[in-house]
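Everything on this sheet refers to the single structure shown next.
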Amino acid sequence: MLERALRWNELFSRWPDARRADLMKSARLERYSRRTQVLAHDRHRRELLVVVSGCLEISSMSTHGRKYVNALLGPGQVAPLVRLLDDVPLAYDYHAHEDSVIVHLPCDAVIAVLDAEPILWRDVAKLGLQRQRLSIVLLQNQMLNSIRGRVAATLMSLIHFYSGQGDGDATPLVRLSQNDLAAMLGLSRQTINKELGRLVEEGAIDMSYKRIRIVDAERLARIAAGT
């Protein structure tokens, strides 16, 4: 399972077999129940988290108990790249959004492999830049888009992740509660409920308990773009 997880990962898939084998020497695989905190015993531990199955939630909590969900990562994704640095404050917590299997890779071991074959740092840089671009797009969406557009854009950003989860349906099914979506957007649950209801009426989505099915992705994309 370790070998397969790294072979199909967004960062490590193009690495030479020998270098992935080097990573596996220090890797460990953990299973987490839904809502369990990852790195609970040492939240500042410098490890990369490779999602094998399930979903990893990256979030933070204010001193007043307000939750902000930064991202949801699915199988084939890895985080947090910033922990490859040793002087960056670690503001986020990590939880299993669903029952999940996670591979833990000590950052020192990853850096040792990267330094042994420096060209592999290029893959880290490319993935980091892709993440930065996504963050800028999301920030721009938060600042400039309407609430309706922000909700639609957030659902669009989750389509790629959930379309590969094996639900046996042609239309993507987003396993996300209204509270989760509200935490991602910094909006109230009441506002989210209203906007989701509008999207249902317009035929863009359908909803059931903690499930949002994308019915018309093209319509949803137009709403997200404000057209």
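Take the Cβ atoms of ASP123 and ARG28, set R0 to 22 Å, and the FRET efficiency comes out at 0.50. Find, among the chymotrypsin sites (Phe, Trp or Tyr not before Pro) in region 1-57, those assigned to loop by DSSP (not H, G, I, E, B) with at most 14 other beta-carbon atoms within 10 angstrom. Answer by residue number: TRP8.
Protection proxy ranking of 131-137, 119-125, 220-226, by the mean of other Cβ atoms within 10 Å over each peptide's residues and highest first, is 220-226, 119-125, 131-137.
Placing +1 on the Cβ of every Lys and Arg and -1 on the Cβ of every Asp and Glu, with nothing else charged, gives region 1-157 a dipole about its Cα centre of roughly 520 debye.
For region 51-123, just say rounded, prolate or oblate: build the C-alpha gyration tensor, square-root its eigenvalues into a ≥ b ≥ c, call rounded for a/c under 1.5, and beyond that prolate if a/b exceeds b/c, oblate if not. Note, shape of region 51-123 comes out oblate. From the list (i) 20.5, 75; (ii) 18.4, 56; (iii) 17.2, 51, can you say which value of Rg and Dmax of the Cα atoms in Å was derived from the structure given? Computing Rg and Dmax of the Cα atoms in Å and matching it to (i) 20.5, 75; (ii) 18.4, 56; (iii) 17.2, 51 gives (ii). The ranking of MET184, MET156 from fewest to most other beta carbons within 10 Å of each one's beta carbon is MET156, MET184.
Each of HIS44, HIS64, HIS104, HIS97 has some number of other Cβ atoms within 10 Å of its Cβ, and from fewest to most they run HIS64, HIS44, HIS104, HIS97.
Axis angle, to the nearest 10 degrees, between helix 147-162 and the longest C-alpha principal axis of the chain: 40 degrees.
What separates the Cα centres of region 45-94 and region 97-126 is a distance of 14 Å.
Bridgeable aspartates and glutamates around LYS67 (alpha carbons under 15 Å apart, same-chain partners fewer than 8 residues away excluded): GLU57, ASP93, ASP180.
Since every read-out is calculated from the coordinates, none of them should be taken as a lab result. Values in this document were obtained by computation on a predicted structure and should not be read as measured data. Cβ: placed from backbone, ideal geometry, glycine included. Neighbour counts: every protein chain shown.
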